[in-house]
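Peer 1: I'd like to ask some things about the structure below.
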Amino acid sequence: MRPALGGRVLSVVAGLLSSMSSLATANELPGDSVYQAAAALTDQNGRSLAWQDLRGRPVVVSMFYSNCHLMCPLIIGSGKALQSQLSASDRDALDLAVLSIDPARDTPAALRAVAEAHHLDPRWRLLRPLDADVRTLAAVLDIRYRAQPDGTFNHTSTLILLDRDGRILARSGVTDLQPDPEFVAEVKKYLAASP
Amino acid sequence: MLTSTTLWFVLLATSSPATSQATYMEIPGAAFRSTIRHEGNDGNRVVADFALMQRAVSNREFQAFVQQHPHWRRDRVPALFADSGYLLHWRAAGAPEPLDADRPVTRVSWFAVDAYCKAQQARLPDWAEWEYVAAADTQRHDARHDPAWRKRLFADGTARAVDAAGDSPANAYGVHGLHGASWEWVGDFSTLLGDSDKRGADDGDRLQFCGATGLSFNNRDDYAALKRVALLSAMQPRSTLGNLGFRCARSRP
């Protein structure tokens with residue numbers, strides 16, 4: 001009897017341990033997650049958050065600067081067009097985050113003005129990184145940018161789909177106000193697969 | 001006696017990789033004509049005053065960093081930040097070969113060297129800053145017009161490089177080893193991309209800049225600089241190479 005009980009206790013303990021360790025594995029950040037990078041951000045409402053705080057929900061992310069009249073409205077426009085192609089529940093499930101490459105000028109107030117001008121819903125975050133973190137975030141997302149002598153920037157304009165844990169699932173160059181249909185399909189597929 | 005003293009010294013040196021205070025040389029800025037130009041920038045730059053490490057970061061110094069920040073160890077670094085060659089020449093995950101301790105560290109990714117410099121309250125130098133200081137020979141701040149000097153730089157990144165020996169003299173700014181056996185990362189390496197770059201041909205477009213495009217060269221005779229740009233522009237930020245190291249810089253406060 002005793003050995004059997006001992007065995008049962010052991011197996012319960014072992015079960016507990018293994019469920020704890022699978023919990024730990026679930027919480028562990030994947031090695032290829034973009035949230036492996038540490039960065040401090042401020043949103044358009046002046047709230048501070050960490051880059052890792054975006055974890056937990058699917059996000060479409062991009063980088064821009066608000067003092068930009070050609071590509072940046074396209075980035076926001078194609079993000080909005082993407083939202084409009086989703087069902088109401090999918091729209092609620094998807095966050096959008098745009099990181100500034102120009103933190104000196106993209107103050108929370110400047111970012112809030114962009115959010116208001118484009119009537120962005122609360123799923124959108126316009127984020128100002130610390131100066132020293134812009135390059136690291138761009139490198140993590142493989143977005144390239146270069147400051148020009150006249151104060152403008154050249155940059156790759158890209159929408160990137162991140163899963164809940166920050167793994168890059170899809171990316172698409174922004175060329176006009178409509179997002180690439182293949183990218184939209186990827187977003188829908190991921191949202192459908194992860195209730 | 002001599003042997004045991006030497007051995008003791010080596011042991012002492014390898015067992016206590018205390019964060020040595022790296023020496024930074026003050027670099028007075030000036031107008032400078034870069035070998036590379038971007039659309040919207042003909043290559044004329046103004047390099048602001050800054051400070052640059054006198055020597056490239058060594059294996060020993062990088063070991064101290066890895067000890068203080070263990071998630072940068074070879075066996076713990078996330079795949080996002082480094083490829084499989086990262087610190088592969090170290091005899092253990094946390095320690096370089098003793099004989100290599102003072103040599104410039106190599107097999108380090110951009111992410112790792114970016115983190116190293118940030119941990120020293122520093123940053124990586126930009127390409128223009130690096131090129132500006134590397135234009136100097138031992139006597140002149142800008143020796144690039146001298147064909148003999150330019151020719152010597154063809155061996156950059158090899159064992160025959162001008163500064164390959166550990167005791168090579170400083171250049172006119174007091175900086176050592178810029179033309180050594182290893183190349184060096186720069187902070188803005190990813191902007192050195194030519195506009196005809198089509199890496200990952202199925203998706204080459206995403207590497208193109210909006211509006212203006214990539215880079216071209218002002219002086220095609222400056223072959224050593226071209227070679228350096230070509231090498232850096234082919235790297236991903238998680239890439240490592242057996243002959244690519246780094247040093248840090250600081251802006252003037």
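The values are calculated or read from the model by the stated rules, or taken from the named source; none is laboratory data. Nothing here was measured: the structure is a model prediction, and the numbers come from that model. Glycine also receives a Cβ, built like all others from the backbone with ideal geometry; neighbour counts cover every protein chain displayed.
Peer 1: Considering only segment B:89-107, how many residues are touching a Ser or Thr at 6+ places or on another chain (Cβ under 9 Å) and not charged (D, E, K, R)? First the steps, then the outcome.
Peer 2: Filtering segment B:89-107 down to residues touching a Ser or Thr at 6+ places or on another chain (Cβ under 9 Å) leaves B:89, B:95-96, B:98, B:100-107.
With not charged (D, E, K, R) added as a condition, the list becomes B:89, B:95-96, B:98, B:101, B:104-106.
So the count comes out to 8.
Peer 1: Can I ask one more? Regarding segment A:127-138, can at least one residue be identified that is over 22 Å from B:D126 (Cα atoms) and of a type in the set (S, T, N, Q)?
Peer 2: no
Peer 1: Among the strands (runs of 3 or more DSSP E) confined wholly to segment B:13-129, which include 1 or more residues that are aromatic (F, W, Y), modelled with pLDDT under 95 and at negative phi? I'd like the intermediate steps shown before the answer.
Peer 2: Numbers: elements: B:24-27, B:30-33, B:36-38, B:44-47, B:50-53.
It comes to B:30-33.
Peer 1: Could you tell me whether any residue of segment A:67-90 is closer than 25 Å to A:R146 by Cα and charged (D, E, K, R)? Steps first, answer last, please.
Peer 2: Taking segment A:67-90 first, the residues closer than 25 Å to A:R146 by Cα are A:67-79.
Restricting the remaining residues to those that are charged (D, E, K, R) gives none.
Within segment A:67-90, none of the residues are closer than 25 Å to A:R146 by Cα and charged (D, E, K, R).
Conditions (1) without any contact (Cβ under 8 Å) to a residue 40 or more places away in the chain; (2) among the hydroxyl-bearing types (S, T, Y); (3) within 14 Å of another protein chain (Cβ to nearest Cβ); (4) within 25 Å of A:A132 (Cα to Cα), marked per residue:
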| position | (1), (2), (3), (4) |
| --- | --- |
| B:D49 | no, no, no, yes |
| B:M53 | no, no, no, yes |
| B:V66 | yes, no, no, yes |
| B:E97 | yes, no, no, no |
| B:P104 | no, no, no, yes |
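Peer 1: Out of the residues in segment A:26-41 that are out of contact with any Gly (no Cβ under 7 Å at 6 or more places or on another chain) and assigned to a helix (DSSP H, G or I), which is nearest to the other protein chains (Cβ to nearest Cβ)?
Peer 2: A:Q36
Peer 1: I've got another one for you. Test of understanding: among A:R105, A:R128, A:R135, which residue is under 24 Å from A:N67 (Cβ atoms) and free of Cβ contacts under 8 Å to residues at least 24 places away in the same chain?
Peer 2: On the way: A:R105 fails: free of Cβ contacts under 8 Å to residues at least 24 places away in the same chain; A:R128 fails: free of Cβ contacts under 8 Å to residues at least 24 places away in the same chain.
Criteria check complete, one pass: A:R135.
Peer 1: Can you tell me how many residues within segment B:57-92 are hydrophobic (A, V, I, L, M, F, W, C), under 21 Å from A:Y35 (Cα atoms) and in contact with a helix residue (DSSP H, G or I) (Cβ under 8 Å, 6 or more places away or on another chain)? Give the derivation first.
Peer 2: First, the residues of segment B:57-92 that are hydrophobic (A, V, I, L, M, F, W, C): B:57, B:62, B:64-66, B:72, B:77, B:79-82, B:87-88, B:90, B:92.
Still in the running and under 21 Å from A:Y35 (Cα atoms): B:66, B:72, B:77, B:79-82.
Next, from what is left, pick out any that are in contact with a helix residue (DSSP H, G or I) (Cβ under 8 Å, 6 or more places away or on another chain): B:66, B:72, B:77, B:80-82.
Result for segment B:57-92: 6.
Peer 1: Looking at segment A:163-184, can you tell me whether even one residue there is surrounded by 21 or more Cβ atoms within 10 Å (Cβ to Cβ), farther than 30 Å from B:Q120 by Cβ, more than 14 Å from chain B (Cβ to nearest Cβ) and in contact with a Pro (Cβ under 9 Å, 6 or more places away or on another chain)?
Peer 2: No: zero hits.
Peer 1: Those residues that are crowded, with 18+ Cβ neighbours inside 10 Å and assigned to a helix (DSSP H, G or I), I need them from segment B:130-148; list them, please. Write out each step before concluding.
Peer 2: Pass one, segment B:130-148, residues crowded, with 18+ Cβ neighbours inside 10 Å: B:130-137, B:143-144.
Hits for segment B:130-148 are B:W130, B:E131, B:Y132, B:V133, B:A134.
Peer 1: Regarding B:D146, is this residue away from chain A (no Cβ under 14 Å), modelled with pLDDT of 90 or more and at negative phi?
Peer 2: On the way: away from chain A (no Cβ under 14 Å): yes; modelled with pLDDT of 90 or more: yes; at negative phi: yes.
So B:D146 passes the test.
Peer 1: Tell me, yes or no, whether segment B:74-88 has at least one residue that is within 14 Å of chain A (Cβ to nearest Cβ), crowded, with 17+ Cβ neighbours inside 10 Å, within 16 Å of the chain's Cα centre (by Cα) and touching a residue at least 12 places away in the same chain (Cβ under 8 Å). Show your work before the answer.
Peer 2: In the first step, residues of segment B:74-88 are kept if they are within 14 Å of chain A (Cβ to nearest Cβ); the result is B:74-84, B:86.
Those still in the list that are crowded, with 17+ Cβ neighbours inside 10 Å too: B:74, B:77-78, B:80-82, B:86.
Filter again for within 16 Å of the chain's Cα centre (by Cα), leaving B:86.
Add one more test, that the residue is touching a residue at least 12 places away in the same chain (Cβ under 8 Å), and what stays is B:86.
Yes, segment B:74-88 contains at least one residue that is within 14 Å of chain A (Cβ to nearest Cβ), crowded, with 17+ Cβ neighbours inside 10 Å, within 16 Å of the chain's Cα centre (by Cα) and touching a residue at least 12 places away in the same chain (Cβ under 8 Å).
Peer 1: Next question. Out of segment A:117-152, which residues are charged (D, E, K, R) and at pLDDT 95 or above? Lay out the reasoning, then the answer.
Peer 2: Looking only at segment A:117-152, we keep the residues that are charged (D, E, K, R), and these are A:121, A:123, A:125, A:128, A:131, A:133, A:135, A:142, A:144, A:146, A:150.
A:D121, A:R123, A:R125, A:R128, listed by residue number.
Peer 1: Mind listing whichever residues of segment B:49-73 are farther than 20 Å from B:D167 by Cβ and surrounded by 14 or more Cβ atoms within 10 Å (Cβ to Cβ)? Lay out the reasoning, then the answer.
Peer 2: The initial filter retains those residues of segment B:49-73 that are farther than 20 Å from B:D167 by Cβ, namely B:49-51, B:62-73.
Of everything in segment B:49-73, those that are farther than 20 Å from B:D167 by Cβ and surrounded by 14 or more Cβ atoms within 10 Å (Cβ to Cβ) turn out to be B:F50, B:A51, B:F62, B:Q63, B:A64, B:F65, B:V66, B:Q67, B:H69, B:W72, B:R73.
Peer 1: Would you mind stating whether A:L191 is more than 11 Å from chain B (Cβ to nearest Cβ), under 30 Å from B:A115 (Cα atoms) and in contact with a helix residue (DSSP H, G or I) (Cβ under 6 Å, 6 or more places away or on another chain)? Can you show your working first?
Peer 2: Values: more than 11 Å from chain B (Cβ to nearest Cβ): yes; under 30 Å from B:A115 (Cα atoms): no; in contact with a helix residue (DSSP H, G or I) (Cβ under 6 Å, 6 or more places away or on another chain): yes.
In short, no.
Peer 1: Also, quick follow-up: So, in segment A:118-149, exactly how many residues are out of contact with any Ser or Thr (no Cβ under 8 Å at 6 or more places or on another chain), within 14 Å of chain B (Cβ to nearest Cβ) and among the aliphatic types (A, V, I, L, M)?
Peer 2: Residues in segment A:118-149 being out of contact with any Ser or Thr (no Cβ under 8 Å at 6 or more places or on another chain), within 14 Å of chain B (Cβ to nearest Cβ) and among the aliphatic types (A, V, I, L, M): 5 in total.
Peer 1: Scan segment A:53-88 for residues that are closer than 15 Å to A:K188 by Cα and not hydroxyl-bearing (S, T, Y) and jot them down.
Peer 2: Within segment A:53-88, A:R57, A:P58, A:V59, A:V60, A:G79, A:K80, A:A81, A:L82, A:Q83, A:Q85, A:L86, A:A88 meet the criteria.
Peer 1: Do the conditions hold for B:W130, that is, is it within 12 Å of chain A (Cβ to nearest Cβ) and either touching a residue at least 24 places away in the same chain (Cβ under 8 Å) or touching a Ser or Thr at 6+ places or on another chain (Cβ under 6 Å) (or both)? It would help to see each step written out before you state the result.
Peer 2: Values: within 12 Å of chain A (Cβ to nearest Cβ): no; either touching a residue at least 24 places away in the same chain (Cβ under 8 Å) or touching a Ser or Thr at 6+ places or on another chain (Cβ under 6 Å) (or both): yes.
Spelling it out, it is not the case that B:W130 is within 12 Å of chain A (Cβ to nearest Cβ) and either touching a residue at least 24 places away in the same chain (Cβ under 8 Å) or touching a Ser or Thr at 6+ places or on another chain (Cβ under 6 Å) (or both).
Peer 1: Then there is this: Out of A:T152, A:T156, A:T136, report the one residue that is under 27 Å from B:R37 (Cβ atoms) and surrounded by fewer than 21 Cβ atoms within 10 Å (Cβ to Cβ). I'd like the intermediate steps shown before the answer.
Peer 2: On the way: A:T156 fails: surrounded by fewer than 21 Cβ atoms within 10 Å (Cβ to Cβ); A:T136 fails: surrounded by fewer than 21 Cβ atoms within 10 Å (Cβ to Cβ).
Criteria check complete, one pass: A:T152.
Peer 1: Let me ask something else about it. Could you list, in sequence order, the residues of segment B:163-209 that are in a helix (DSSP H, G or I) and modelled with pLDDT of 50 or more? Show your work before the answer.
Peer 2: From segment B:163-209, those in a helix (DSSP H, G or I) are B:189-191, B:201-207; that's our starting set.
Within segment B:163-209, B:F189, B:S190, B:T191 meet the criteria.
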